[in-house]
1. So which residues in the stretch A:262-272 are at the interface with chain B (Cβ under 9 Å from one of its Cβ atoms) and either surrounded by fewer than 24 Cβ atoms within 10 Å (Cβ to Cβ) or not small (Gly, Ala, Ser) (or both), if there are any at all?
2. Just the residues that are of a type outside the set (A, V, I, L, M) and under 23 Å from residue B:246 (Cα atoms), please, taken from the stretch B:488-507.
3. So which residues in the stretch B:368-401 are surrounded by fewer than 17 Cβ atoms within 10 Å (Cβ to Cβ), assigned to a strand (DSSP E or B) and either polar (S, T, N, Q) or not assigned by TED's automatic domain parsing to the domain that holds residue B:342 (or both), if there are any at all?
4. Name the residues in the stretch B:173-231 that are small (Gly, Ala, Ser), within 12 Å of chain A (Cβ to nearest Cβ) and free of Cβ contacts under 8 Å to residues at least 40 places away in the same chain, would you?
5. Among the residues of the stretch A:273-296, are any within 11 Å of chain B (Cβ to nearest Cβ), over 25 Å from residue B:230 (Cβ atoms) and not in a helix (DSSP H, G or I)?
6. Restricting to the stretch B:40-78, count the residues that are farther than 18 Å from residue B:204 by Cα and within 14 Å of chain A (Cβ to nearest Cβ).
7. I need a count of the residues in the stretch B:423-477 that are away from chain A (no Cβ under 14 Å), among the aliphatic types (A, V, I, L, M), touching a residue at least 40 places away in the same chain (Cβ under 8 Å) and under 25 Å from residue B:288 (Cα atoms).
Amino acid sequence: MTVFIIRRLLQSVLVVVAMTLIVFFGVNVIGNPVDILINPDCDKICYAAAMKALGLDLPIHEQYFIFVKNVLQGDLGRSFILGIPAIKLIVSRLPATIELAGMAMTMTLVFGIPLGLWAGLRPNSTSGRMIMGFSILGFSLPTFWVGLMMIMVFSVELGWLPPTGRGDTVTVLGLPFSFLTLDGLSHMILPATNLALFHIALVTRLTRSGVRETMLMDFVKFARAKGVSSTRVIFVHVLKNILIPIVTVLGLELGGLLAFAVVTESIFAWPGMGKLLIESITLLDRPVIVGYLMLIVFMFVAINLAVDILYSALDPRVRVQGSSR
Amino acid sequence: MTKRAIAAGVATAALLVGSAYAADLRVGMGAETTSIDPHYFAGFGNIQIDLAIFGHLVNYDSKFRIMPGLAESWKSIDDKTWEFKIRSNAKWHDGSPVTVDDVIHTFKRIPETGLKQFAVYVVDKQIVKIDDKTFHLKTQVPNPLMPNNMAAFALVSKKHSEGLATEDFNSGKAAIGAGPFKFVEWVKGDRLVLTANPDYWAGKPGFDKVTLKPIGSSASRVASMLAGEVDMIEKVPAPDIAKLKQNANLTVVQTPSCRVMMLHPDASRESSPYVTGLDDKPIRNPFRDSRVRMAVSKAINRDAIVSRVLDGNGVAASQHLAPGLFGHNPNIKVEAYDPEGAKKLLQAAGYGQGFKLTIHGTNDRYDNDGQILEALGQMLSQVGIQTKVEPLSLTVFFGRLYGKVEFSLAMAGNCPGTAEASSSLKEFVATFNASDGYGIYNAHRYSNPRIDAIIKEAVSTIDDPKREKLFQEALAAAIADGIPIPLHQQMNTWAMRKGMTYEARTDEMTLVQFARPN
């Protein structure tokens, strides 16, 4: 087990190094940030001063070595545009993203599993078919379009919910959270729903197929024959068995929710990490882009590792071996 | 009956709440503020804020003409010396007066701060203190643009910012300015809150409290306006303008922008990278011939671009300097749409059979830029230049256009930072010279010694009427030679709730101090 974890950690270090190389040189190939940021009245001297201020006057490989040296000392560099440490900037946006992802995840569980159960138990009923129909929409409609439509309907036409921003926040342990205030919560409903829609559809379908498969298993038939109440069959025997794959998928989806809320955050002007990433890409703010992606790689590696370890702990049939994936 | 009474009560309560909020303003901003430090980065979203909090020595009015700011007056004493007087009633937010020492401190701070982008306005100037409110600026060469240079950056207080870093501005500690608003709170990416400065030299601004919310996505910005989440938005996207104008709850204000779109033809290379003959074989660069450049100009139906692609939100341009700005030449006429004339010119230049061309531009920088590029491609194809269109992201485009000079014909826009002709000519038309800043945006690599001489003379002529004449002469010569090919002026558009007012500005700035609740 220990060997497995060490192996995985070493692999993830390699992934992170490869990622920094790709992003560092990739952003460099796209363009020079000074060309975009520069004051139009700037002459050659002023241009050179800006290049020097950002450390862009050195050859790219030297810039990379300086970057690596600083990373090893825990410094990801300073944002070109804001002048503050990139990691501090990213972390300052983290609470907003976490609470949005958390809310979306909660919605996914609260809506996805019951809907999937219903559709799985009554596959031929009208309600079951409707649930499956809507889940296809949830899958296939593009997030930005749904987001804009939700704003048009619920904010502009009906005026029920605010369209953009984060609303009032309450500071807990030094971090601002908006789900603790009524105003904050109302600002959160639309973006969280928008973010959750795809995942609700996914979980609904997973649950449904799991239920349909499990209902035909011998142990369910046996339980029924034994006279166990159908509530107990569904909520204890069936649900327990279908939850394993759902939990595995949800673990990975959580990573996706945190990392790629980019579209939702941009549309709803939600001040999280995704919006920061987009702004940084349009201004070629390399330290922030690199820092963000490094953080995301670490997060995915950590989640995968946790899932693998948990999986072997949960299911005794799975033995984690040094040679396995 | 009771229901009605309750409804009436609720309505009254809503009205009361409404009026209590009347002096608050929430603005949906398209450009985000990235720093409160006014000298860190010359981004658009930062300059509008530093004008609200700190104030500049010289300001621009809504027509983009200079007017007094923290300096109440200025004059040139001799060719190389300007005298500025600071307003007697100009005070920092703590009540202490704005003095020459603050100006000296600002001059010292700018070249040491951030991306050093404002250094270009101060490094070549020697500042001499005459008394607390008067100073002289001396230069090596005559500088007629001194007031415009002084309009480019914010003053900071020596007392409140000496030895402090950008972080201290962001936290509010050093954000003590002399502007119409005081800093209250900044949550990066979410909101910037300001409160009115009752002791502002030009009087208290119209709104007591202002909240600026960055909403980068233009569709979301419009939706927030429609939902009443904000009271005003800037940069209304062209496709939504007509809809907002019809909305009875909203007011839309517009003015033609200082930003003029233009085409840069590759006017110097022997062969141009994106031009080939009809047989795909390399040919001699056609854009070296001014007749071909003028043929392109005649082939463009500017009115169609403005009316169809921009829904009327633009003005056809005669030159790459907007009307109303110093140096604009009213005698230059908008090139009329004349496809037959264009064909004749191509024939005369020896390209009667046409050639193949790829044009480049952005698709995320200017109003409907991607569609305009498509339209241009079709118009050029109609006169025999078989044109392909390649829109790029601004992150890629500008480096390739002005840095590497890679294109054959490319579309870009410009609003002169100095609000007059010198940058339009010095940077876009004068012969490229890396060391002195001449021709840095001359993506045509055009070189005309006669025009260069006029520009050089103009930028060191202090006498305004004489200088304006020289600018107009140089502009006429360049435009007649097809350098650059002007297209249209963009339109600057704001939308706001009925009742409040804001005068549309040529310089695209959203300056909350000029918004009024009635």
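1. Those that are at the interface with chain B (Cβ under 9 Å from one of its Cβ atoms) and either surrounded by fewer than 24 Cβ atoms within 10 Å (Cβ to Cβ) or not small (Gly, Ala, Ser) (or both): A:266, A:267, A:268, A:270, A:271.
2. Listed by number, the residues that qualify are B:490, B:492, B:493, B:494, B:497, B:498, B:499, B:501, B:502, B:503, B:505.
3. Correct list: B:386 only.
4. B:217, B:219, B:220, B:223, B:227
5. Checked against the condition, which is being within 11 Å of chain B (Cβ to nearest Cβ), over 25 Å from residue B:230 (Cβ atoms) and not in a helix (DSSP H, G or I), the stretch A:273-296 yields at least one hit.
6. Qualifying residue count for the region: 8.
7. Number of matching residues: 4.
Listed here are the residues, each with its yes/no results for (1) assigned by TED's automatic domain parsing to the domain that holds residue B:297; (2) surrounded by fewer than 17 Cβ atoms within 10 Å (Cβ to Cβ).
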| site | (1), (2) |
| --- | --- |
| B:429 | yes, no |
| B:436 | yes, yes |
| B:456 | yes, yes |
| B:484 | yes, no |
| B:503 | no, yes |
| B:511 | no, no |
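The values are calculated or read from the model by the stated rules, or taken from the named source; none is laboratory data. Predicted model only: the values in this text are computed from it and were never measured. Don't worry about glycine lacking a Cβ; one is built from the backbone with ideal geometry, like all the others, and counts go over all protein chains shown.
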